[in-house]
1. Only one residue in L155, L168 is in contact with a helix residue (DSSP H, G or I) (Cβ under 9 Å, 6 or more places away or on another chain), in the same structural domain as S90 (by TED's automatic domain parsing) and touching a residue at least 24 places away in the same chain (Cβ under 8 Å). Which one?
2. Among the listed residues Y173, Y138, Y132, which satisfies the condition of being assigned to a helix (DSSP H, G or I), surrounded by fewer than 23 Cβ atoms within 10 Å (Cβ to Cβ) and within 12 Å of the chain's Cα centre (by Cα)?
3. Restricting the search to the range 1-38, which residues are modelled with pLDDT of 70 or more and β-branched (V, I, T)?
4. Filter the range 198-215 down to the residues that are in contact with a Leu (Cβ under 9 Å, 6 or more places away or on another chain) and closer than 14 Å to D182 by Cβ, then identify the one that is surrounded by the fewest Cβ atoms within 10 Å (Cβ to Cβ).
5. For the range 197-204, indicate whether the set of residues that are touching a Phe, Trp or Tyr at 6+ places or on another chain (Cβ under 8 Å), assigned by TED's automatic domain parsing to the domain that holds A89 and under 22 Å from Y107 (Cβ atoms) is non-empty.
6. For the range 176-215, which residues satisfy the criterion of being within 17 Å of E149 (Cβ to Cβ), aliphatic (A, V, I, L, M), out of contact with any Gly (no Cβ under 6 Å at 6 or more places or on another chain) and part of a helix (DSSP H, G or I)?
7. How many of the residues making up the range 82-120 are outside any helix (DSSP H, G or I) and either surrounded by 22 or more Cβ atoms within 10 Å (Cβ to Cβ) or among the aliphatic types (A, V, I, L, M) (or both)?
Amino acid sequence: MVNQMQQLQEQVRQQQGRIEELQHQLQQLEDKNKAQYVDLDSRIGRLEGGNAGGAAGAAPTTSAAAPTTSSSAAAGNPTQGQGSNADPASVQAAYDVAFKALRGGDYAAASRDFRSFVQQYPNESLTPNAYYWLGESYYVTMNYPVALEAFQQLLKQFPQSEKAPDALLKVGYSQYELKQVDAAKATLTEVGAKYPGTNAANLAKERLQRIQSVN
């Protein structure tokens, strides 16, 4: 009975992880579409302004503010065992607040809330996910050094997590953005070797091919 309950809990966690990933991908697609619309509207505004003597102004552009927290704070420096006595409802509520901010595009709030989560709940079942989304909240705002540290912390503390393949993939992405090309190539190659057949491995292969074509 205990084993069945543990298996059921693990299945629920896996399903939640997949749902979160799909929700985040949808949000990224929506953000991309919004950015494309703003860019198109801006160009139309400039054209109209040129034809009408500058009467029509360009549409304003928007961008997410990058969190400014230092990389050492992002990792959280969790204390082992702190989460063992935590109330499950409180853990879930804190996680939901952070994830809601991420889905809403408030990346500064998301990074703050996920960082607070991993500090307060360092050993909960949701902690690996929190580290992953902490890294994403920095990656999307191009704060690559802090994103890299968050992904690496996940891999160090939770190497068997379901989020490990995606975290290793994002380590490679972050390294490339930081101009660490050789390290990025090695990491992306490792993703394919360590997690063959996964979506992360496929994405790593595609990115590696693009990197090799320009370097």
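The values are calculated or read from the model by the stated rules, or taken from the named source; none is laboratory data. Please read all numbers here as calculations on a predicted model, not as lab measurements. Cβ: placed from backbone, ideal geometry, glycine included. Neighbour counts: every protein chain shown.
1. Answer to the selection: L168.
2. Sole residue among the options that is assigned to a helix (DSSP H, G or I), surrounded by fewer than 23 Cβ atoms within 10 Å (Cβ to Cβ) and within 12 Å of the chain's Cα centre (by Cα): Y173.
3. Those that are modelled with pLDDT of 70 or more and β-branched (V, I, T): V12, I19.
4. This residue is I211.
5. No, every residue in the range 197-204 fails to be touching a Phe, Trp or Tyr at 6+ places or on another chain (Cβ under 8 Å), assigned by TED's automatic domain parsing to the domain that holds A89 and under 22 Å from Y107 (Cβ atoms).
6. A183
7. The number of residues fulfilling the criteria is 1.
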